[in-house]
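Asks: Handing you a structure now.
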Amino acid sequence: MTIRTHMIAAALILSFLAMAAFGAPANPQASSEARKVLAYLESIQGQKMLAGHHVMYGGMMERDLGYLVETTGKYPALIEFEAGIFARKYHEDYASIERQLVRDAIDWWKAGGLVAMCWHWGNPLEPVNTYPNTKVKFDIEAALKEGTPEHEALIKDLDVTAGMLKELRDANVPVLWRPLHEICGGWFWWSMQGQENAEKLWRFIYTHYTDHHQLNNLLWVYSFSQELRTDWFPGLEYMDVVGVDIYREGQQGKRAHFEKLASVAGGRPIALSECDLIPDPDAMKADSFLWNWFTTWHSRWMRKNEPTKLKDIYNHDLVLTRDELPKPVEQ
C-alpha cells in the first residue's frame, strides 16, 4: 500500500467519524470510533437503510462480494464476518482463519465500510467449532460457576475470540458485535436452558469483554429470533443495537415486527440482523418505518433475491451502499 493510499484511508476514516455527533454506547469506555459509528447509525434511523451482507470468510467472501458487485455495481455498506465456525479449536488452522478475518476486517474498514461480526459458537466442551456443535446442549449454570470444567471451557473460548477482537481494537476498527444471536429461539445451546440463563450468559460475556478484556471497540448487537420473545432481555445497559433474524417469506418487511422491537429498544437503532429476502424499501417507507440495516445471509440465501430486485434495492434512494458512506476529505 502506498503512502498516498494510507493517507486516503486515514482521511476516509476521520471524515466518517467527524460526520456524526457522539452517541451514548452501553460501554462508558467505548472508543471514539465506536461512539461515532453508533451516532451515525442513530442519525440514519428511519431515514435510510444500510445494505449489509454476511460473508463468512475466505473464498465464500470473495464469491459473495463478487456476485453482489457484478449484479448491482455496488458493495454493501456493512459486512458481517463469521467469528466462529473454524473447525478444530486451538489449532493453527483456527488461528490462521482468525488472522485472515482480522486482515479482511481492517481492509474493509479502511475501504470505507462498516464491520460487523456474528459468532456461531460451538459448545465450549466440544473439540471442534462446527455449526452442528452450536446445537449441542451446554450447562450454562455450571459454566457460570468458577472451578467447573464448563467454566474453564467457557473462559477459554471467550479469551481466544477476545484475542482476535483485540487486534481489531488495536487497529482502531469498531465492530458491531453480535454474539448469542437468535437468543430466544431455543435451537442454539445458549438458549436451550431458558430465558434466565440466556440473559445471565449475555451479561457475563458483556462484562468479561468490557471490564476484563477492555474491548472498547465493540458495539453490542442483541438479536432476537423471528419468534420475537422480547421478554428475553438482559437490559438496555448491555446493548447498543437491537435486531431480529427473519427468514419467513413476506415477514421481513412487517411493521409489526419493527414496532415490537421498538417497544424494548429504548430509542436504539433497530436492524434486520439476518434475512434471505430483502424487504421492499418503498413499501416500508410507505408504512412509516425502515430497518437501520439489513444483512442478507451468505451464498444461496442471498441469491434468493432475483438479480433485478437485488440491483434495484442496492441502487435505491433509501438504501446506502459503501460508496455512499462518508467520503475521504480532499488531499
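The values are calculated or read from the model by the stated rules, or taken from the named source; none is laboratory data. What you are looking at is a predicted structure, and each value in this text was computed from that prediction instead of being measured. Please note: Cβ atoms are built from the backbone with ideal geometry, for glycine as well, and neighbour counts cover all protein chains shown. Calculation scope for accessible area: heavy atoms of the full protein, side chains included, ligands and nucleic acids excluded. Shrake-Rupley method; radii C 1.70, N 1.55, O 1.52, S 1.80 Å.
Asks: Could you tell me whether any residue of the range 38-59 is modelled with pLDDT of 80 or more, closer than 15 Å to W297 by Cα and surrounded by fewer than 18 Cβ atoms within 10 Å (Cβ to Cβ)?
Replies: The answer is no; no qualifying residue exists.
Asks: Quick test of your reading of the structure: E227 fulfils all but one of (1) closer than 20 Å to L180 by Cα; (2) open to solvent by 50 Å² or more (accessible area, probe 1.4 Å); (3) assigned to a helix (DSSP H, G or I); (4) not aromatic (F, W, Y). Name the failing condition by number.
Replies: The failed condition is (3).
Asks: What number of residues within the range 72-100 are open to solvent by 30 Å² or more (accessible area, probe 1.4 Å) and in a helix (DSSP H, G or I)?
Replies: 7
Yes/no matrix, rows are residues, columns are (1) among the aliphatic types (A, V, I, L, M); (2) modelled with pLDDT under 95; (3) more than 12 Å from the chain's Cα centre (by Cα); (4) surrounded by 22 or more Cβ atoms within 10 Å (Cβ to Cβ):
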| residue | (1), (2), (3), (4) |
| --- | --- |
| W220 | no, no, no, yes |
| D231 | no, no, yes, no |
| G243 | no, no, no, yes |
| A256 | yes, no, yes, no |
| E259 | no, no, yes, no |
| A262 | yes, no, yes, no |
| A271 | yes, no, no, yes |
| C275 | no, no, yes, yes |
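Asks: When the residues of the range 119-175 are narrowed to those that are among the aliphatic types (A, V, I, L, M) and in a loop (DSSP other than H, G, I, E, B), which ends up most open to solvent (accessible area, probe 1.4 Å)?
Replies: Checked the range 119-175; the qualifying residue most open to solvent (accessible area, probe 1.4 Å) is L125.
Asks: Okay, next question. Quick check: is even one residue across the range 29-37 open to solvent by 50 Å² or more (accessible area, probe 1.4 Å) and assigned to a strand (DSSP E or B)?
Replies: no
Asks: Something else now. Can you tell me which residue is nearest to G46 (Cα to Cα) among those in the range 284-302 that are among the aliphatic types (A, V, I, L, M) and open to solvent by less than 70 Å² (accessible area, probe 1.4 Å)?
Replies: Result: L290.
Asks: Within the range 176-213, count every residue that is of a type in the set (F, W, Y), assigned to a helix (DSSP H, G or I), surrounded by 20 or more Cβ atoms within 10 Å (Cβ to Cβ) and in contact (Cβ under 8 Å) with a residue 60 or more places away in the chain.
Replies: Matching residues across the range 176-213 total 3.
Asks: Need pairs with beta-carbon distance below 8 Å; first residue within 21 Å of V242 (Cβ to Cβ) and in a loop (DSSP other than H, G, I, E, B) and within the range 268-288, second among the hydroxyl-bearing types (S, T, Y) and open to solvent by 10 Å² or more (accessible area, probe 1.4 Å); sequence gap 6+ or separate chains.
Replies: D276/Y247
Asks: Now for a separate question. Using the structure shown, decide if A26 is in a loop (DSSP other than H, G, I, E, B) and modelled with pLDDT under 75.
Replies: So A26 does not fit the description; no.
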